[in-house]
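Since every read-out is calculated from the coordinates, none of them should be taken as a lab result. Since the structure is predicted, the reported quantities are computational estimates derived from the model, not experimental observations. FYI the Cβ positions are ideal-geometry reconstructions off the backbone, even for glycines, and counts take in every protein chain you see.
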Amino acid sequence: MKLNVFCATTLTTLLSLSVVRLVSSAGTTISDQALRNKNVTPVLGRGYSVATGTLLSTCMLVKDVTETSFDYSYGYTEISDSETASTVLSNKFGGAAGIVGLAGGEMGLRRDEAKSNGKYSHSIIAHMSVDRYYGSVDEGSSVLTEDAIEILDRQDYVGFFQACGPAFLRSIRRTSEVIVHFSYESDSEEFSFGFGAYANGQIGALGIGVFSNNEASKKQSDWSQSSTLTVSVKCFGLSVNNAGGEITASSFKDVKKVMEAGYQSMQDPMSGIVKTVEVYPWVANVNFQIAMNINVKMEEDTCYNVDGEILSCSAAPELIDRKDSAFYPTTLKAFNILQNAEHVSKMDLILRKNMATIALMNRCIAALSSYRNEDLATFYVVNQNTYSYDSSLPTSTLEDDYNSNDLNIIKADRLLRLLLGRSREGGEHTSYLMETLVQNVLNFVTYYYEPCIKVMSEEDLAFPGGKMMTTHWLDMAACNNVACTFPNSVLSVSGSGSSVSFSCAINPTLGSNSHENLIDTYCLPTFWERDGVLNIIEAMPKHLSASSYPHTPLVG
């Protein structure tokens with residue numbers, strides 16, 4: 001019997017999907033791929049931008065959480081070699097995250113092994129899950145952090161939203177799963193009911209296995225299937241600190257202990273795979289409204305002369321015939337604040353992304369430049385999106401212009417040349433690619449980002465920073481160039497001196513066939529030798545470990 005136990009606190013995401021749903025309250029329910037990324041930490045009170053899907057700083061001290069409810073589910077099924085595993089699993093367990101990929105992965109391997117032995121492979125699947133929800137921030141006891149309050153006290157409202165985002169995570173729905181997969185071989189294409197019932201009895205979780213006294217009295221060794229039995233245990237979203245026992249197994253009967261320990265580990269309301277989050281805007285939070293003085297009375301006066309013409313209300317009293325006053329309702333101010341805050345988040349994301357690209361490019365150039373020319377001419381660079389090597393794919397020569405072939409396979413010396421923007425010896429180009437990318441960032445900051453931020457921060461109606469409350473960004477001349485906030489948008493500058501102007505437009509060449517995508521595909525570099533054997537690792541590809549490679553790496 002083989003025993004394989006794999007437990008993890010998070011589940012590798014399997015779908016690139018983001019779903020946003022408005023709920024009846026002011027909150028928004030979001031199911032987003034990025035929130036399930038193991039490299040980010042969604043916690044209650046952390047800032048969030050719906051427009052960009054990014055997490056920001058935690059600006060709320062969450063002292064209490066409302067009582068969490070949970071749903072418990074246990075399922076058990078047997079799958080014979082003659083059945084379509086994916087169909088059976090889908091019908092039995094629906095879209096359970098841990099089940100996805102089981103049919104084509106582990107079960108497929110077991111069937112291939114059995115077939116090579118002239119046998120049939122059968123599987124027994126036990127699935128236990130807990131769905132936790134209603135655990136929400138208790139806003140009656142939770143407060144803004146001291147740093148966040150200090151920013152608002154300075155009337156630096158733009159600065160607050162840059163740090164804390166337009167909204168925060170008010171509740172998080174989480175799931176945990178334990179999956180036990182029994183696999184055995186037999187001479188029959190149909191599974192053994194008796195052995196399946198015996199296996200279910202060993203699990204001991206709220207299952208369905210009922211068998212006769214004769215079968216109950218049997219030992220594991222009494223079953224001929226035991227010699228080929230493989231037991232795999234997988235756990236997702238469990239709390240390490242709340243475990244009721246060890247989630248390990250050294251024998252078949254230990255699986256029951258694993259299930260019991262897994263159930264205890266599911267009780268922590270703060271653990272689990274993030275399924276959805278409820279995002280709540282800061283402007284709807286009472287503590288924020290008080291700190292920002294959003295309820296302060298803001299009045300706009302309009303003065304007219306005897307002819308009905310508008311004139312300044314600071315004019316001589318004898319020139320003013322009448323004065324009309326208009327009040328900004330709190331709901332309108334909240335709307336403008338939220339919309340302007342999301343616009344700030346979009347601008348900040350563009351700036352951070354471009355700066356991160358430049359930093360990664362600089363590190364990539366440094367890594368490539370540390371090797372000799374003859375080394376760079378020998379090695380191919382691993383494509384970090386596909387992790388594949390296929391020397392039969394078309395490649396570009398060192399001096400070719402940048403083209404789509406470079407996104408399939410590339411030589412190390414060519415990658416360095418493209419990142420530099422000129423040949424290593426100097427070449428015919430007048431500037432480096434680094435200069436172009438940095439200048440693009442400077443142009444964005446100088447002609448769009450900085451003017452827009454300044455206008456949003458202006459005083460209005462005698463209230464510091466009031467512009468953010470009274471005016472939507474589309475009504476601000478410095479901010480209303482929508483194209484400047486689109487992905488793959490390029491800001492172009494023309495003229496000079498007082499006649500300088502700029503424009504933003506979508507550049508289709510900045511899609512998959514772009515230097516930005518080139519950097520994301522190959523940096524930091526990992527090298528393959530000419531014959532396809534992994535030779536030098538500068539940095540492991542994203543989400544991949546050395547053990548995942550088809551060849552043993554030789555670290556240089």
Links that overshoot a 32 Å alpha carbon limit, given the list Lys38/Lys115; Lys38/Lys333; Lys353/Lys467; Lys119/Lys256; Lys234/Lys346; Lys115/Lys275: Lys38/Lys115; Lys38/Lys333; Lys234/Lys346; Lys115/Lys275
Span from the the range 288-346 Cα centroid across to the the range 160-185 one, whole angstrom: 43
FRET efficiency for Asn293 and Tyr72, using Cβ-Cβ distance with R0 set to 51 Å, rounded to 0.05: 0.60
Label point distance in nm, Lys256-Asp475, each placed 7 Å from Cα along Cα→Cβ: 7.1
Amide H contacts under 5 Å for Ile410, placed H, 5+ residues apart: Val381
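May I ask you to compute the full-extension gain from Lys353 to Val482, defined as 0.36 nm times their residue separation minus their alpha-carbon distance, rounded to one decimal in nm?
Values: separation 129, 0.36 × 129 = 46.44 nm, distance 1.82 nm.
Residue separation times 0.36 nm, minus the Cα-Cα distance, leaves 44.6 nm.
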Cα→Cβ-extended label distance, 7 Å offset, between Leu61 and Ser141, nm: 1.3
